[in-house]
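Novice: Below is one structure. I have some questions about it.
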Amino acid sequence: MKLIGITQRVDIHPTYGERRDALDQRWYQFFLYCGFIPILIPNCIKTCRALLARVQLDGFVFTGGNSPMHYAGDAPERDDVEAFLIEHCETVGLPILGVCRGMQMIQLHYGGSLDCIKGHVNKIIEIKTDEEQLPRFVNSYHTLGTTTTKKPLLTKAKSSDNIVKAIEHSRYSIFGIMWHPERNTPYCDEDIQLFKDIF
């Protein structure tokens, strides 16, 4: 089974004075369906570097949660780790799939921007795409989005109101989707196949 690094959200608990790395447990089951073993990536650059020096991973999933720092986010350490991982994957040729916030971070890394949007929280959205491997209806849980992408990123899917829902890098194996495959019950066959194709 392939080892896929998976980034985590930062949960802040002021009562205890703690900043906790956290991951929705549904990702574990989804990874098993895909034939992957998740390796949790800490939100600490030094620890992340040490992990990558000792463990041979087959790619990375950037998960949802935490807005980026430029958009009222509260987890700069996570932004730093994911930016580092993008550069690392460019260098060593490993694939990345960004999910929701993960896709937003990819867009921002390559010079894109985000806007506040309406009508995309707790919804099922029909997407327009020429990609046969993508589902046609997806869940949606985000308040930040964009109607455009900036080179080297390519738009692969949009909603009916023109919000970008999937992207791909024109050179590297870097992809993004704005829906949460781990939240579907049952899981979507197209999502599972998409993960298998990327990794």
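Laboratory data are not the source of any read-out in this text; all were calculated from the coordinates shown. Just so we're clear, the structure is a prediction, and the values are computed from it rather than from any experiment. Please note: Cβ atoms are built from the backbone with ideal geometry, for glycine as well, and neighbour counts cover all protein chains shown.
Novice: Return the pair list, or none, for Cβ contacts closer than 7 Å from residues in the range 122-133 that are without any contact (Cβ under 8 Å) to a residue 60 or more places away in the chain to residues that are of a type in the set (Lys, Arg) and part of a strand (DSSP E or B), at least 6 apart or on different chains.
Specialist: ILE127/LYS158; ILE127/LYS165; LYS128/LYS158; THR129/LYS156; GLU131/LYS156
Novice: Turning to a different aspect of this structure: Inspect the range 106-127 for any residue being surrounded by fewer than 16 Cβ atoms within 10 Å (Cβ to Cβ), at positive phi, of a type in the set (Gly, Ala, Ser) and in contact with an Asp or Glu (Cβ under 8 Å, 6 or more places away or on another chain) and give the result as yes or no.
Specialist: yes
Novice: Further, regarding this structure: Considering only residues of the range 148-199 that are among the small types (Gly, Ala, Ser) and assigned to a loop (DSSP other than H, G, I, E, B), which is farthest from the chain's Cα centre (by Cα)?
Specialist: At the first step, the residues of the range 148-199 found to be among the small types (Gly, Ala, Ser) are 157, 159-160, 166, 170, 173, 176.
Pick out the ones that are also assigned to a loop (DSSP other than H, G, I, E, B) and you get 160, 170, 173.
Numbers: SER160: 22, SER170: 17, SER173: 13 Å.
This residue is SER160.
Novice: Pick from ILE177, ILE163: which is of a type in the set (Val, Ile, Thr) and under 20 Å from PRO95 (Cβ atoms)? Don't jump to the end; show me each part of the working.
Specialist: On the way: ILE163 fails: under 20 Å from PRO95 (Cβ atoms).
Testing whether each residue is of a type in the set (Val, Ile, Thr) and under 20 Å from PRO95 (Cβ atoms) leaves just ILE177.
Novice: Within the range 72-87, restricting attention to residues that are of a type in the set (D, E, K, R) and in contact (Cβ under 8 Å) with a residue 60 or more places away in the chain, which residue is farthest from PRO14 (Cα to Cα)?
Specialist: Taking the range 72-87 as the starting set, the residues that turn out to be of a type in the set (D, E, K, R) are 74, 77-80, 82, 87.
If we keep only those that are in contact (Cβ under 8 Å) with a residue 60 or more places away in the chain as well, we get 74, 77-78, 82.
Values: ASP74: 13, GLU77: 17, ARG78: 18, GLU82: 24 Å.
Filtering first and then ranking leaves GLU82.
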